[in-house]
Amino acid sequence: MSPASAAKIHWFARLEHRFHVWRERRARRRGRSATAVPFPGYGGSAWVRVVGRVLIVPPAPKRARGDRAGVRGWRSFVGIPVSFAEARVEIGGRVHEVVADRGGVIDTVVEAHLEPGWQTFTMSVEGQEPVEASVFIVGDEVRFGVVCDVDDTVMVTALPRPFIAAWNSFVLDEHARTPVPGMAVLLEQLRRDHPGAPMIYLSTGAWNIAPTLRRFLSRHLFPAGAMLLTDWGPTHDRWFRSGREHKTSNLRRLAQEFPDVRWLLIGDDGQHDEAIYSQFLEEHPSSVAGIAIRRLLPAEAMLAGGRATAPHDENAVPWVSAEDGAGLRDQLGDVGIIDAGS
């Protein structure tokens, strides 16, 4: 890295990096090694977006008894990211060498020719045993997809109030997290009514919670989907990453990667989903099939710091809102996005 580039990096980002390097050295002196933690990705007929993280993870607690054991949120944040780690990805009969970023996050596109639907590949680091990963391949004929927010859309979290957010992220037992009523049924019907449609869970949550989120979705019968989360740490020029920019940039990327797919965008009115979706609709009207907004209950809105509504053109595409998945399901049936009779 050149001196000019280094000077542009926020001092807190440099401090964070030094702290993780120190933690990594201590862990390696104790004989611990890095491991690959892949997350569900997505791809097209000739490429795959591989996402994951390289971490030195703490040993599992002795009292843990599989998935039934309570897992406190803070345990997801104590893994040590391995900066600029080299990972080996074997997919579609080919091997690719990829490099993680400063936070240990792998987010890269590799060439691969796979059949549509869920496929598997392996990822490994430092000669460790390969870890199996999954990716959803979107067929060339697919014309519909779903992008769904997580916080207060599928999972009740009462974000972004700082104290409540910290409690839910770091303290709360993952088995105590509550699904939004009816959302699993809604998303499952969307998957069933639109075979081959990609399901993308787009959240401002940290990559640290991806394993917890995946278990939560499975436990409450949500359909499997690719995950696009973010890294809470500082960037080159600011204290923390912008959650809004994270969502906006990924929506734009999906529109570019799948120009023939129209997306149903699902979110809530507790953060900025309406404004983000409205902006995306203005920029890419041909990429939006509809917008569904879950209205927070009064108590949830109070904990979340109010509602974040935004002006929008309801005549541009179907735009529906309700307090739960059942209400959204009825309205999406009325506008023909799902089968009202099923």
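On a per residue basis, the range 89-141 carries 52 Å² of accessible surface, using protein heavy atoms and a 1.4 Å probe.
Based on protein heavy atoms only, the range 187-228 ends up with 34 Å² per residue of surface accessible to a 1.4 Å probe.
Packing, as the average of other Cβ atoms within 10 Å across residues, places the peptides 134-147, 32-45, 115-128 in the order 32-45, 134-147, 115-128, highest first.
The values are calculated or read from the model by the stated rules, or taken from the named source; none is laboratory data. Remember, it's a predicted structure, so these values are computed and weren't measured experimentally. Don't worry about glycine lacking a Cβ; one is built from the backbone with ideal geometry, like all the others, and counts go over all protein chains shown. Remember, those area values only see protein heavy atoms, side chains included, never the ligands or the DNA or RNA. Shrake-Rupley method; radii C 1.70, N 1.55, O 1.52, S 1.80 Å.
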